[in-house]
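Contents: one structure, followed by commentary.
The values are calculated or read from the model by the stated rules, or taken from the named source; none is laboratory data. Just so it is clear, the model here is predicted, and its values are computed rather than measured. Positions of Cβ are backbone-derived with ideal geometry, glycine not excepted, and every protein chain shown enters the neighbour counts.
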Amino acid sequence: MIKRFSKLRLLVMLIMIAIVIIPNITYADTALSQNNINTPSNWAKADIDKAKEINLVPKKIQGDYRSSITREEFSEVAVKLYELLSGKECSFQGKNPFTDTQNTQVLIAYQLGIVYGKGNGRFDPNSTINREEISSMLYRELKILKPEFNYSKSYEYIFTDYDSISSWAKEAVNYLYYFGVISGVGDNRFNPSGNTTREEAIVLAKRMHGKVLEYGAALNSSANVSRGGVSRQGDIRLKLASFISQEMGKPYKWGGVGPDSYDCSGLIYSIYGKLGIALPRTSSDQSKAGVYVSKESLSYGDLVFFAKDGKNVNHVGIYVGSGEFVHAPSSGDVVKTSTLLSGYYAKNYYTARKVLP
């Protein structure tokens with residue numbers, strides 16, 4: 001009898017403890033979940049912070065980063081991107097063609113030719129945007145901002161689900177992949193019909209901003225005019241930008257030195273050879289050429305090196321600005337742009353050398 005009473009008392013105590021603790025745990029979990037929603041994912045945080053710094057992110061989407069972005073929300077991002085890169089403040093002129101939105105930024109994006117309507121006077125502002133749609137919008141914006149860029153080159157596709165991409169989006173997806181703006185979702189897939197989250201859209205816009213400035217910097221360096229004309233330094237960087245663009249998308253091949261495929265050091269050896277700069281053949285030997293430059297002082301055309309074990313160089317690429325570099329990564333991949341700011345290459349960064357005059 002006593003034992004039974006003791007067990008009953010213990011059970012009552014446990015129930016009372018649960019009543020007190022569970023609501024607190026639930027509250028803590030809810031607060032934590034709410035905080036996570038309003039914090040970007042780790043992979044996106046650095047780009048989103050920088051995007052905020054340059055006023056690329058509308059206040060209405062500064063939070064709930066993992067939710068799908070709407071057509072109205074992305075229109076506002078697109079207009080901010082246009083104003084940043086063009087240096088112009090936009091305004092809407094004319095009659096509103098839509099019956100379902102009065103949003104001025106939507107109307108400006110439509111007027112610029114970045115976004116289209118859905119027909120019958122509808123814009124459908126609250127609909128979400130999939131990955132092939134946002135690629136097409138960004139591609140249209142790039143062509144509007146930079147009509148002087150070369151859009152005629154045909155790129156080989158890299159994604160295993162390429163046939164699932166709509167015909168009207170394939171050119172945009174191909175170009176933006178090799179331009180370094182978009183990437184896959186894993187397993188070499190693009191997932192064209194997948195929804196785009198707010199944080200994904202912000203990161204894509206930030207990449208576009210960086211890429212346009214980066215390419216413009218290479219072009220502008222050719223305009224360093226002295227009494228003798230274009231400076232040799234500017235001319236070399238312009239040629240380098242041209243040579244790099246010609247190699248984008250070509251497959252990796254161990255021992256490859258071009259013209260159809262490359263390994264990492266073979267790409268460097270070939271491109272800088274065209275500039276009249278003789279470099280050793282291997283990444284280890286290339287890391288001893290030129291002069292040392294710190295990571296904080298990198299400039300266009302510097303060579304960046306990586307050491308997986310922290311002491312022996314095993315990879316090399318060409319720094320192209322905005323924390324990014326061009327390289328031939330590994331078997332199964334292609335010559336492309338990657339970031340130095342996060343992930344594998346940030347972790348394994350080793351040194352850099354300046355080899356351009």
Just for helices (runs of 4 or more DSSP H) wholly inside segment 117-234: which have at least 1 residues that are within 16 Å of the chain's Cα centre (by Cα), at pLDDT below 90 and surrounded by 21 or more Cβ atoms within 10 Å (Cβ to Cβ)?
-> 170-179, 198-221
In segment 247-262, which residues are crowded, with 16+ Cβ neighbours inside 10 Å and either over 20 Å from the mean Cα position of the chain (by Cα) or more than 19 Å from E171 (Cα to Cα) (or both)?
-> P251, Y252, G256, V257, G258, S261, Y262
If you scan segment 263-281, which residues turn out to be surrounded by 21 or more Cβ atoms within 10 Å (Cβ to Cβ) and without any contact (Cβ under 8 Å) to a residue 24 or more places away in the chain?
-> Y269
What pairs can you find where one residue is in segment 113-138 and more than 14 Å from E73 (Cα to Cα), the other is among the small types (G, A, S), and their Cβ atoms are less than 7 Å apart, with a gap of 6+ or different chains?
-> R131/G194; E132/S166; E132/A169; S135/A169; S135/A172; S136/A169; S136/A172
Return yes or no: is K347 assigned to a loop (DSSP other than H, G, I, E, B), basic (K, R), on the phi < 0 side of the Ramachandran plot and not assigned by TED's automatic domain parsing to the domain that holds R207?
-> no
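Just to be sure before I move on: is V316 over 21 Å from G249 (Cβ atoms), crowded, with 18+ Cβ neighbours inside 10 Å and out of contact with any Gly (no Cβ under 9 Å at 6 or more places or on another chain) in the structure I sent?
No; evaluated as a whole, the condition is false for this residue.
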Kindly indicate whether any position in segment 282-296 is closer than 17 Å to I271 by Cα, touching a helix residue (DSSP H, G or I) at 6+ places or on another chain (Cβ under 7 Å) and surrounded by fewer than 18 Cβ atoms within 10 Å (Cβ to Cβ).
-> yes
Do the conditions hold for G266, that is, is it out of contact with any His (no Cβ under 6 Å at 6 or more places or on another chain), under 23 Å from V181 (Cα atoms) and of a type outside the set (A, V, I, L, M, F, W, C)?
-> no
Pairs, first closer than 17 Å to Y116 by Cα in segment 84-99, second part of a loop (DSSP other than H, G, I, E, B) and not basic (K, R), C-beta under 7 Å, six or more apart = N96/Q102; P97/G117; P97/G121; F98/G117; F98/G121; F98/F123; T99/G121
Being surrounded by 20 or more Cβ atoms within 10 Å (Cβ to Cβ) and either outside the structural domain of L204 (by TED's automatic domain parsing) or over 13 Å from I129 (Cα atoms) (or both) is the filter here, so list the residues in segment 62-76 that pass it.
-> Y65, E76
